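Quick notes on the structure that follows.
What follows is calculated from the coordinates using simple rules that are stated; it is not laboratory data. Note that the coordinates shown come from a computational prediction; the quantities given were computed from them, not determined experimentally. Note that we place each Cβ from the backbone using ideal geometry, even for glycine, and neighbour counts take in every protein chain shown.
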Amino acid sequence: MSTHKDSAVSFLTLAASGRVREAYANHIGSGFRHHNPFFAAGAQALMSGMEVDAREHPNKRLDVLRALEDGDLVAVHSRVHMRPEDDAVALVHIFRFDKDQIVELWDIAQPVPSQRVNASGMF
């Protein structure tokens, strides 16, 4: 049996690999809302943005580091390299589920600085 955690990780993995429409078809529920300030409201706007990103970054690599599930909420902490030679970006996605579908999404990104004071790093 698949958990919400599994579904959230599957959605991110599919979208990052360029299979955006499959990610949406498999995991996004009706009435989906997102909170990304760089895209207009609604599933279609975010999906279109993800498709453009996939075309511009065909060698993107997403590494899921941890996923936490609490009721209808899932948080996924990951690292992404848009191009192999690029520095990493730290990501946190928070998903809200209704039954087995994602109905709300928040995402937070922070570039990993090349010089870090904290020896523990971001990951």
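So here's what we get for this one:
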| item | result |
| --- | --- |
| Ranked list, fewest to most other Cβ atoms within 10 Å of each Cβ, for Lys99, Lys60 | Lys99, Lys60 |
| Centroid-to-centroid separation of the range 1-63 and the range 78-123 [C-alpha atoms, Å] | 14 |
| Listed residue (Leu68, Phe38, Ser48) projecting farthest to the positive dipole end of the range 4-111, Cβ model | Ser48 |
| Residue order, fewest to most surrounding Cβ atoms within 10 angstrom, among Glu51, Glu56 | Glu56, Glu51 |
| Nearest-20 debye value, the chain charge dipole, Cβ charges on Lys, Arg, Asp, Glu | 160 |
| Residue order, fewest to most surrounding Cβ atoms within 10 angstrom, among Ile108, Ile28, Ile102 | Ile108, Ile28, Ile102 |
